[in-house]
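Read through the structure below, which is laid out as structure tokens, and then see the notes.
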Amino acid sequence: MIHYELEQLRVEGALPDVIYKFGDKVRLKSGERAGEVGRIVALISLEPAPYYVIEFPDGLSETQSNTKPSERGSEIVMSWPNDETWSAEKHEQIVATEDGDRFLRVVDCGRLFLPSGKLVACDPFVFLQSSGNPHVLVPPGHYSVSVTLADVSEKFEGSDIREAYATVRIANGSEAYRRVLPLARDRESREPLDDDDEFTGFPVDAGTACFVDDEAVARCMPADINWYETLFDNGRDDSWFAQMDDPKHIRVGVANIRLPLARSNENIMIIHSGWGDGVYPVVGSFDARHQILAVHIDFFVVQ
């Protein structure tokens, strides 16, 4: 095992003492083992910065001198979704990606009611079921939802806007780390994957994703009718398609829709899915005490 120092996370200009989650996979950016991947297995100290033990697959051990690792130039880079390209909720910022710069801004979509805390993320037009949808668990409540938009046009003139992230903000706080949240039905396993380079996600076949409460769907969506013909695309201004295409609603591609049989303002948030069809992960943001702060869909527009 080799000891290395991890960089602290910068959060809104501050440098809080961030404790990375044990088991996180990290990759060395420089030093004797540059490019190799290991896992955090122990915390040695917090001063002058968090100092960790990283275990490598080959099982080799090596002693660490008292010289500060930062003086030797060792540097660690976290892999997705904890890498430096993560950009959910960044507002009016330009970020660099593999495919060029993106100008980001955040659109407020209103509040989502989660009476059961069973937060569903799926393609509403293809995969939403009347009950038993795969979901992640959060405390029941009303939560703000936002979409991070990316202007991918060459000169940021607004000709090509893509949805980069959709976010349900559960609580305020300093983000310490992120991890993929497996979508699961009741009584199914919610254990995280062992391999951080992989992810579980949900399929999109109609270029659209959503956030909605599973029990709200069971209570507030009509039974024994064809949702597509009666709700999604019925030719009226109140159809879900029409509301998504209405620039006066929130913006084109985003809709906050009251469920048809709602009694307590149960609703669904519908969002175009960035580049379109694909498989997209649900990612949780956590603080240093492992309390969930937000749930995101990453549409892989910013990489």
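Only the coordinates and a few stated rules stand behind these numbers; no lab work does. On a predicted model such as this, the values are computed, not experimentally measured, just so you know. Note: ideal-geometry Cβ built from the backbone for every residue, glycine included; neighbour counts use all protein chains shown.
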Exercise for review: Provide the gained length on full extension for the span Y228 to V95, in nm with one decimal, where the gain is 0.36 nm per separating residue minus the Cα-Cα distance.
Suggested key: 44.1 nm
Practice item. Using Cα centres only, tell me the gap between region 143-185 and region 85-122 in whole Å. Key: 1
Review point. Spin-label point model (7 Å from Cα, Cβ direction): what's the W275 to Q129 distance in nm?
Key: 2.9
**Study point:** Amide H contacts under 5 Å for C122, placed H, 5+ residues apart
**Key:** C210
Revision key, fill the gap. Dipole check, region 216-283, charges on Cβ (K,R +1; D,E -1), about Cα centroid: among N267, F241, A223 the Cα furthest to the positive pole belongs to N267
Point to revise | Cα gyration tensor category, rounded, prolate or oblate, for region 171-303 with a/c compared to 1.5 | key: prolate
Practice item. Give the peptides 84-93, 117-126 in descending order of average Cβ contacts within 10 Å, highest first. Key: 117-126, 84-93
Study note, to complete from the structure: For region 238-303, the Kirkwood Rh over every pair of distinct alpha carbons, in Å, works out to 14.2
Check your understanding: If we count every other residue with Cβ under 15 angstrom of V204's Cβ, Lys/Arg +1 and Asp/Glu -1, where does the sum land?
Key -> -4
